[in-house]
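Asks: Encoded as structure tokens, here's the structure I'll be asking about.
Just so it is clear, none of the values below were taken in a lab; they were calculated from the coordinates. Just so you know, these numbers come straight off a predicted model, no measurement behind them. Cβ placement follows ideal geometry from the backbone for every residue including glycine, while neighbour counts extend to all protein chains displayed.
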Amino acid sequence: MEEDAGQSIPFKYPASDFLLTVGGMFLFLLDVVLDVWAVVTFYQQEAYVFMGLLVFLLMGSSALVQAFSWLWYHYDKDGTETRTESLVKSLHSLKILHVFQMGVYLRYAGLVRISICGFCCRKRYMEGNAVYLTHDLSLLRLIETFSESAPQLVLMITIIIQRGEVEPITILKALGSVSAIAVSVTMYHRSLRSFLPDKTKQGWSSSVVYFMWNLLLIGPRVAAVALFTSVFPCFIAAHFLSSWMVLFFVAWQLKTDFMDSGGGEWLYRATVGLIWYFSWFNIVEGHTRQRSIIYHTWIGVDIGMLCGFWVWQMIKNPPYFELPLDSYVIFVIMISLYIAGLCLKVIYYKFCHPKITKLGEVECRLEPMSESVGLPPYGLDVVDSRLMGHTERPEPSVRVNKRMRNLADNFYS
């Protein structure tokens, strides 16, 4: 067991990651302010339908993120809290905070505090704890991205098209929004790579390629859904629900094992179906290439059909405003961008993706150090360890986020 501990991955939490975390916290707060401003704007314009849809997206996404945050706190109740989180005396108090949509802010506060302490004390286990907390926040941001940001972007593009406001500035805003979605996915990818033993050899170039192919795949998907919604607003709900049910069924058939409870696992599978509606997300080990090919073929055909219905409607009932490009040209651009994204994805997996031939070789290095002889139980800090009688080592173990570790196993299998 000591040998395994020596092979454990030395998690690092550099100052650049801390600055990104602080920046992410401020962007999170800014996003809340902008969401409130958008709701107020729709109210002032008497666009009550759009306002209602936006409020539904915001509340639904927030409830979903808070549910995952609460469940993870519940699963980690045996000592995986920071001192900031321990100020909340019980799980009941934590539940109340999450009911009032404050759970994510508590996580940010705990991460900022332990990061500052880690920089001051230079303790290895504190760096590991900071990385642990960052991994959970990365997952929560990913869930928020596809439950709020992507649907909200679809709504925004739909409004732009229906109002005839297709101008360079609005197009740039849409590009900025889809780029933000791709950035969120890329940051999740960076978190996955922290589990690789040779991560120090991997620069930002592979992340740039990863960002670009996600941008080129997610962008056309969001645009196609928005184009279809702009001409068939009453049918988009049926399209989403039918697609989501198929994707949810696939996630169930794959027998995922991500959460620590049955109810949580069903929630996770439902969320995977939502993410798959917009982007590929690897949830189980093995046969990744075959599943990815099937998924991208299905999404590519769906994009073609959605854009095709939009072109047909443009010919049948031309809009009252002039489109910057012919509808056929837009159709070709959407398909071409998606194909370009697939080509970049192939390039990434050919030249940038780590070549792991035997997952067990990596997995032996991913064992939580708390399983080693003489170390405190998983997730306990040194004070908690002493209170429980574990005094073999003066420094606690490096915490390993098993949720992100499982996703890393899936991604690199």
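Asks: Relative contact order for the range 203-353: what percent, with Cα pairs under 8 Å and sequence separation of 6 or more? Show your work: numbers first, answer last.
Replies: Details: 107 pairs, mean separation 64.2, N = 151.
Contact order relative to length: 43 percent.
Asks: Under a point spin-label approximation (7 Å from Cα along Cα-to-Cβ), what is the Leu241-Leu30 distance to one decimal in nm?
Replies: My value for the distance between the label points is 3.8 nm.
Asks: So for the pair Val40, His287, with labels modelled 7 Å out along Cα→Cβ, what separation do we get in nm?
Replies: The two pseudo-label positions are separated by 5.3 nm.
Asks: If you plug each phi of the range 296-305 into the Karplus form 6.51 cos²θ - 1.76 cosθ + 1.60 with θ = phi - 60°, what whole-Hz ³J(HN,Hα) values come out, in order, with x for Gly and Pro?
Replies: Per residue, the Karplus-derived 3J(HN,Hα) values read 5, 5, 5, 5, x, 5, 5, 4, x, 5 Hz.
Asks: Right, next: Of all trypsin sites (Lys or Arg not before Pro) in the range 144-219, which ones are in loop regions per DSSP and have a Cβ with at most 16 other Cβ atoms within 10 Å? Write down the numbers at each step before the final one.
Replies: Details: sites: Arg163, Lys173, Arg190, Arg193, Lys199, Lys201; in loops: Arg163.
Taking the range 144-219 and a limit of 16 other Cβ atoms within 10 Å, the loop trypsin sites (Lys or Arg not before Pro) found are Arg163.
Asks: Using Cβ counts within 10 Å as a stand-in for footprinting exposure, how do Trp310, Trp37 rank, fewest first?
Replies: Numbers: Trp310 24, Trp37 10.
Least to most surrounded, the residues fall as Trp37, Trp310.
Asks: Which value in nm describes the separation of the simple spin-label points at Cys234 and Trp252, placed 7 Å from the Cα toward the beta carbon?
Replies: The two pseudo-label positions are separated by 3.0 nm.
Asks: Now a separate question. Which residues does the label zone of Leu19 cover in the range 172-188, counting backbone N under 18 Å from a point 7 Å along Cα→Cβ?
Replies: 187
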